[in-house]
Amino acid sequence: MTADDNYARYYAEKLWELVPSQHRQEDGLAERPGTMRAFIELVAEQAALLRRSHDRLWDDAFIDLCDDWAVPYIGDLVATRMVSALNKRGRRVDVAKTIYYRRRKGTPRVLEELIADITGWEGKVVESFRFLGRFMHRLDLPVAERVDPSPGWADLRSPRLTEMADGPWDPFAHTADVRKSHGKTGRWNIPKISFHLFRLASIPLEGVTPHVRSDGATFTFDPSGRDTQLFVPRLRDETYSWDDWQSALPWQVPAPMGCRLLGHAEYEIRRELVAELLAAGVPAPAVTELGGATGARFTSEAALRDWLRGLASSAALLAPAIYDMIRRGAIVAECGKAALWPDGVRVALDGTTVVARARMAAASIADWSVSGADSDLLVDPQRGRFALDTAPAQPDGVRVAYSYGFGGRIGAGGYDRRAELAPSPDVLVPTGGAVDAATFPVSGGTVVATVQVSDSATYAVAGDPSQIEKLVIQAANFQRPYVRLAASWVFTAAPNVDAELVLDGLWLGASAVADIVLRGAWASVVVRHSTLDPGGTDVDGAALPPVRIRIEGSVERLEVSRSIASAISTAGTGEVEEIVVKDSILDAQHAGGIAIVQSPGNLQMRRTTVLGGIEADRLDASDVLVTELVEITDTQNGCFRFSSAPEASRLPHPYRWVKWDGGPVFGSTRFGDASYSWLAESAPDAIRRGGEDGGEIGAWSSALNAIKEDSLLRKVEEYLPFGLVPVFIRET
């Protein structure tokens, strides 16, 4: 990336002034004008590089400002054990905090911080010996003086606690397990320290238009109508002091959100609540009776309600308005419901008015027939569904905010894309409206425009742009608009120009069979950070058609970068000279099973997962995982290196490739799941570590999962107390 410091221009002008005016004039009148000027500009670029290097000499003495090459030299000064050079972020943080780590070596806090510092993931450290069932010892603190309750037998009356069993927050005692550690097996032993790793990212979205069902009162958070489990946003407080630190809580790490976590509510009667009730005009005898229990704590809403029913003033205190005030004022901050609603997930009936926490309840909405008392809204975070007690007047006006889980920055999503966005858009699409002919203004006979969709609402398409010279359709930063197609969206290039098209940050779905169709002669077509829906079914069993890329004209270069797509093919006389696919997922499971059909032309693939087959003329592939047959016509050109495909495939110059044998390699192959295309625990090491850099093969190669785990193990062994054994457990 070129530095925006204007040094090259500055030195070009300074050097140009030193050239005699006669020579400058002759340079402009020569047979090839500008030759000397071009030479001066080349010299100026090198002078600019030297100036930048000189400016950075002072910065290179500081770990937070230095270039990557200087990090290991500073690391030598503090004698730290360097991690892989591929893990640039972890390497820099490790050097910066080496002294900090050494002063606190062996403490749970440092071990837990290492997870985030070295890998960028979130995690939870559990000292297994604390959860071994044993007899009381005279050195143990009395039960009344303990900060944390001792683990014990399972309480079958508490489903929330039993659901947490065998996880990072397991509250029960265990017998010693002397087996060799493998996953969750063999971790309950005296020398074992469990590191629970949450590797998937929790990506937040706001202003999403939920999918409304035919009754107008039941919805899915996902705008396409799929079941999609909600995720807990990353809510870990990074500003705490050493004395205030505590290990991660269930509602602070990016993990799948369950009904019992969202519904976990604890209440405490406080003086502030009593004063608020008096000020609101609640009868004094009822408030006095309630105030007599100041300091009392209730572990669930059911326990609070049962206690209120036993009071003499129960009729007044359980009146809907007063009961809502009690629930709102008595809820404690350290519980799932208080932490997650509305900061982590919320529903706004008219787009702005959020349903109050006291009027929301978590529930399992498996058959859509559930109803709840004392609530206006039921939320099923495990399926990504919600049901309103009464259908709103305008169901299409409901907006939701939530977080979904995914491996990283592939496909459309609510993450930072500012480096790729085109500045100063020419057209802003009206919120929740339609992308029609007015969206693509024609000037001088052609369309030259940057069109931006500014939110994550759902949009329709009502026009096909034509006479395109240069068109960019992009989502605003941190937004993921859902564009629903009712028919194929046709893009037609203007004649006799180097036409360009860019689709950036859009999720393109379909309510009927629909494709992205390219007509005319294109110099470049780029699909970046976008999702072309690979198809599936919605919650009612209706088919969601895949959105393909169909080329009916000619394309010099088609690039699919950090995107999810279903299939790419030509039709009729259509042809494409070069297809470049990198850091992407191609899913042809619902599109005929063949992800790319190209002949003739060149196909270049890097770090890509293909759920389907490939038929092409020439192929150059690296770190590519293909689950179906690959048929390449010209095997004398190209290469298939550090990749995987079925053994019967016809490949060009295979080098260090892995034969694909099928099996449970992925966490999920269903689009909409958090572990979609993510390698499962059962994936063979040949795929998990078969990439060029020693990492995994496929779309998540650049995530460096295996390399980050190796880096974490190296640092944990450095700072773990002597004699203890680390156990890594991948929770996501």
- Message: Restricting to the range 662-693, give me the number of residues that are without any contact (Cβ under 8 Å) to a residue 60 or more places away in the chain and farther than 20 Å from L197 by Cα.
- Response: 5
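Can P481 be described as crowded, with 19+ Cβ neighbours inside 10 Å and closer than 30 Å to E206 by Cα?
So P481 fits the description; yes.
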- Is one or more of the residues making up the range 386-398 in contact with a strand residue (DSSP E or B) (Cβ under 6 Å, 6 or more places away or on another chain), assigned to a loop (DSSP other than H, G, I, E, B), within 27 Å of D504 (Cα to Cα) and in the same structural domain as V212 (by TED's automatic domain parsing)? no
- Item | Flag if R226 is surrounded by fewer than 18 Cβ atoms within 10 Å (Cβ to Cβ), touching a strand residue (DSSP E or B) at 6+ places or on another chain (Cβ under 7 Å) and basic (K, R) | no
- Task: Can you confirm whether the range 85-97 contains a residue that is in contact with a Ser or Thr (Cβ under 6 Å, 6 or more places away or on another chain) and without any contact (Cβ under 8 Å) to a residue 24 or more places away in the chain?
- Result: no
- Item | Total residues in the range 307-361, condition part of a loop (DSSP other than H, G, I, E, B) and surrounded by 19 or more Cβ atoms within 10 Å (Cβ to Cβ) | 6
- Message: touching a Gly at 6+ places or on another chain (Cβ under 9 Å), part of a strand (DSSP E or B), among the small types (G, A, S) and buried (at least 21 other Cβ atoms within 10 Å of the Cβ): is that true of S622 in this structure?
- Response: no
- Message: out of contact with any Phe, Trp or Tyr (no Cβ under 8 Å at 6 or more places or on another chain), more than 24 Å from P191 (Cα to Cα) and among the β-branched types (V, I, T): is that true of V665 in this structure?
- Response: yes
- Message: If I filter the range 334-377 down to residues being among the acidic types (D, E) and more than 25 Å from the chain's Cα centre (by Cα), which single residue comes out as nearest to P254 (Cα to Cα)?
- Response: E334
- Criterion (farther than 22 Å from V398 by Cβ, touching a Ser or Thr at 6+ places or on another chain (Cβ under 9 Å) and either of a type outside the set (A, V, I, L, M, F, W, C) or crowded, with 22+ Cβ neighbours inside 10 Å (or both)) met by exactly one of P495, P465: P465
- Taking the condition assigned to a loop (DSSP other than H, G, I, E, B) and under 29 Å from the mean Cα position of the chain (by Cα), does D540 pass? yes
- The number of residues in the range 292-306 that are surrounded by 14 or more Cβ atoms within 10 Å (Cβ to Cβ), more than 30 Å from R236 (Cα to Cα) and not aliphatic (A, V, I, L, M) is 1
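If only one of Q229, Q252 is in contact with a helix residue (DSSP H, G or I) (Cβ under 8 Å, 6 or more places away or on another chain) and either touching a residue at least 40 places away in the same chain (Cβ under 8 Å) or in the same structural domain as G344 (by TED's automatic domain parsing) (or both), which one is it? First the steps, then the outcome.
Details: Q229 fails: in contact with a helix residue (DSSP H, G or I) (Cβ under 8 Å, 6 or more places away or on another chain).
Unique residue meeting the criteria: Q252.
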- Task: Can you work out which of the residues in the range 403-461 that are assigned to a loop (DSSP other than H, G, I, E, B) and of a type in the set (V, I, T) is nearest to R346 (Cα to Cα)?
- Result: T431
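The values are calculated or read from the model by the stated rules, or taken from the named source; none is laboratory data. If you're wondering where the values come from, they're calculated on a predicted model, not measured in any experiment. FYI the Cβ positions are ideal-geometry reconstructions off the backbone, even for glycines, and counts take in every protein chain you see.
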